[in-house]
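K.L.:
I have a structure here, written as C-alpha cells, and I will follow up with some questions on it.
The values are calculated or read from the model by the stated rules, or taken from the named source; none is laboratory data. Just so it is clear, the model here is predicted, and its values are computed rather than measured. Every residue, glycine as well, gets a Cβ built from its backbone with ideal geometry; the counts of neighbours run over all protein chains shown.
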Amino acid sequence: MSFFESHDSAFDRFVLGNAPVKRLATGFDWVEGPVWFGDHGCLLFSDIPNNVIHRWSQQDGISTFRADSNFSNGHTRDLQGRLVSCEHGARRVTRTEPDGSITVIADNYGGKRLNSPNDVVVKSDGTIWFSDPHYGIMTDYEGFRAVSETPLVVYRADPGTGALDVMVDDMNAPNGLAFSPDESLLYVADTGRMFEGDPTHIRVYDVTPEGCANGRLFHDIVPGMADGFRVDSDGNVWSSAADGVHCIAPDGRLLGKILVPELVSNVCFGGRSKQELYITATTSIYKVTLVRNGVQWP
Ligand code: MG
C-alpha cells in the first residue's frame, strides 16, 4: 500500500517512497495541539477530553507533561521558545515560563470571558494570534459547558500587556490558523457550528499594519474539515482532513494527500530540520518524514 495519494506531479517530489506514515502512540481519546521542542527532542500534544498534555520522544516514548491541563487544546512556542497554550477549561491563553510557572496572557475581551481558545501561532514580532471558537464550551466533553459571552473571532495578543485586538471577525467559527512564510498572509480555518452545510474551508487574509483585509476562500477541504494546519518553507499548506493530511499549493490547488487511518485534527513540523510532520489523529499520533521543511518557531 502507499501512504500517499498524488494529485499533482509536484507532490511526488515532496514525499519519500520509503518513509512510512508511522503510528507513534495510541489509546488516547481526542488528540490535538502538537508542538515540537527540538532542544528537548520531544513532541508535546493535548489529549483534550482526558485533560492532559503528553510528551513523546524517540527515546522515552509517552509520558505525562502536565496532568490537569485545563483541557488544553492548541500549543505553539514564542520567540524565546516558551510554550504558549490554549486552554478550553480556564478559557484563556497562557505561557509556561522556564521555571514552570504559568503566566496568563489573555482570558477576557472587554471584561467578558473568552469562549475557548483553540489554536495559536506566534508572529515574528512576538505577537500571539489565536482563534476563540465555542467548541470547548459547547459540551462538558472538552471543557465545561457554558454560554458564549463574546463573538467567535481571531485575536492578536500583545505578549507583554495581554491587550487584545480583533483581527478576523467574519467567520462562522474560526479554528486552525497559520501565517505564510513571509507573514504577508494569514490562513484561518472556518469549521462552523458543526451543522450540515457549515463551512469546511480555509480562508486567507492579507496581513496589513492595520489588521487583516481582503478575506477570501483559499481551499475547501473534502472530505472533512480544516481543523489545523501548518505551512512549509515554500508556502504549501499541510492541513488536516477526514482522510489524512492534504497538501495545498499557495494558489489553493490540492497537490496530494498523506493517507492516515484516523480522522486528523492537527499537524506540526519537527525533527532536526523540521522535515518531519507530526500528526494528531483522533486516538493516535503519527509521524512521516517529508522532503519539505516547515516554517515554525523557534
Ligand atoms: Mg483546532
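K.L.:
Tally time: how many residues in region 30-53 are in contact with a strand residue (DSSP E or B) (Cβ under 6 Å, 6 or more places away or on another chain) and outside any loop (DSSP other than H, G, I, E, B)?
P.N.:
14
K.L.:
Counting only residues that are in contact (Cβ under 8 Å) with a residue 24 or more places away in the chain, away from the ligand (no atom under 15 Å from the Cβ) and under 17 Å from Ser46 (Cα atoms), how many does region 261-277 have?
P.N.:
Going through region 261-277 one residue at a time, the tally reaches 3.
K.L.:
Can you tell me how many residues within region 166-185 are within 16 Å of the ligand (Cβ to nearest atom), under 29 Å from Asp234 (Cβ atoms) and either more than 13 Å from the chain's Cα centre (by Cα) or small (Gly, Ala, Ser) (or both)?
P.N.:
Number satisfying all stated conditions: 4.
K.L.:
Please find, within region 36-85, the residue that is surrounded by the most Cβ atoms within 10 Å (Cβ to Cβ) out of those that are more than 23 Å from Val295 (Cβ to Cβ) and acidic (Asp, Glu).
P.N.:
Among residues in region 36-85 that are more than 23 Å from Val295 (Cβ to Cβ) and acidic (Asp, Glu), the one surrounded by the most Cβ atoms within 10 Å (Cβ to Cβ) is Asp47.
K.L.:
Between a residue in region 52-73 that is without any contact (Cβ under 8 Å) to a residue 12 or more places away in the chain and any residue that is in a strand (DSSP E or B) and surrounded by 10 or more Cβ atoms within 10 Å (Cβ to Cβ), which pairs come within a Cβ distance under 6 Å, given they are 6 or more apart or on different chains?
P.N.:
Listed by first residue and then by second, the contacts come to Ser63/Arg55.
K.L.:
Sticking with this one: For region 159-180: of the residues being small (Gly, Ala, Ser) and assigned to a strand (DSSP E or B), which is nearest to Cys86 (Cα to Cα)?
P.N.:
Gly176
K.L.:
Quickly run through region 147-165 and pick out the residues that are away from the ligand (no atom under 16 Å from the Cβ) and in contact (Cβ under 8 Å) with a residue 24 or more places away in the chain.
P.N.:
Ser148, Glu149, Thr150, Arg156, Ala157, Asp158, Pro159, Gly162, Leu164, Asp165
K.L.:
Another question, then. Output the number of the condition that Pro250 fails; it satisfies all remaining conditions of (1) within 25 Å of Asp12 (Cβ to Cβ); (2) outside any loop (DSSP other than H, G, I, E, B).
P.N.:
Exception for Pro250: condition (2).
K.L.:
Report yes if Ala106 is at pLDDT 95 or above and either surrounded by fewer than 21 Cβ atoms within 10 Å (Cβ to Cβ) or β-branched (Val, Ile, Thr) (or both), otherwise no.
P.N.:
In short, no.
K.L.:
Follow-up. Test Leu79 against the stated conditions and say whether it is farther than 28 Å from Gly160 by Cβ and either in a strand (DSSP E or B) or touching a Gly at 6+ places or on another chain (Cβ under 8 Å) (or both).
P.N.:
No.
K.L.:
Now for a different question. Could you grab me the full set of residues in region 30-46 that are within 14 Å of the ligand (Cβ to nearest atom) and under 14 Å from Ser63 (Cβ atoms)?
P.N.:
Hit for region 30-46 is Phe45, nothing else.
K.L.:
Exactly one of (1) out of contact with any Gly (no Cβ under 9 Å at 6 or more places or on another chain); (2) within 16 Å of the ligand (Cβ to nearest atom); (3) small (Gly, Ala, Ser) is unmet by Gly136. Its number?
P.N.:
Failed condition: (1).
K.L.:
Only residues that are in contact with a Phe, Trp or Tyr (Cβ under 7 Å, 6 or more places away or on another chain) and either modelled with pLDDT under 95 or among the charged types (D, E, K, R) (or both): list them for region 138-172, please.
P.N.:
Passing the criteria: Glu142, Gly143, Arg156, Asp165.
K.L.:
Can you go through Glu196, Glu183 and tell me which one is in a loop (DSSP other than H, G, I, E, B) and modelled with pLDDT under 95?
P.N.:
Answer to the check: Glu196.
K.L.:
Working only within region 196-244, note down all residues that are touching a residue at least 60 places away in the same chain (Cβ under 8 Å) and either within 16 Å of the ligand (Cβ to nearest atom) or under 20 Å from Asn118 (Cα atoms) (or both).
P.N.:
If the condition is that a residue be touching a residue at least 60 places away in the same chain (Cβ under 8 Å) and either within 16 Å of the ligand (Cβ to nearest atom) or under 20 Å from Asn118 (Cα atoms) (or both), then Asp227, Gly228, Arg230, Val231, Ser239, Ser240 are the ones that fit.
K.L.:
Turning to a different aspect of this structure: Scan region 109-122 for residues that are more than 15 Å from Phe71 (Cβ to Cβ), surrounded by 16 or more Cβ atoms within 10 Å (Cβ to Cβ) and over 21 Å from the mean Cα position of the chain (by Cα) and jot them down.
P.N.:
Within region 109-122, just Tyr109 meets the criteria.
K.L.:
Do we have any residue at all in region 219-226 that's modelled with pLDDT of 95 or more and in contact with a Phe, Trp or Tyr (Cβ under 6 Å, 6 or more places away or on another chain)?
P.N.:
Scanning region 219-226, I find no residue that is modelled with pLDDT of 95 or more and in contact with a Phe, Trp or Tyr (Cβ under 6 Å, 6 or more places away or on another chain), so the answer is no.
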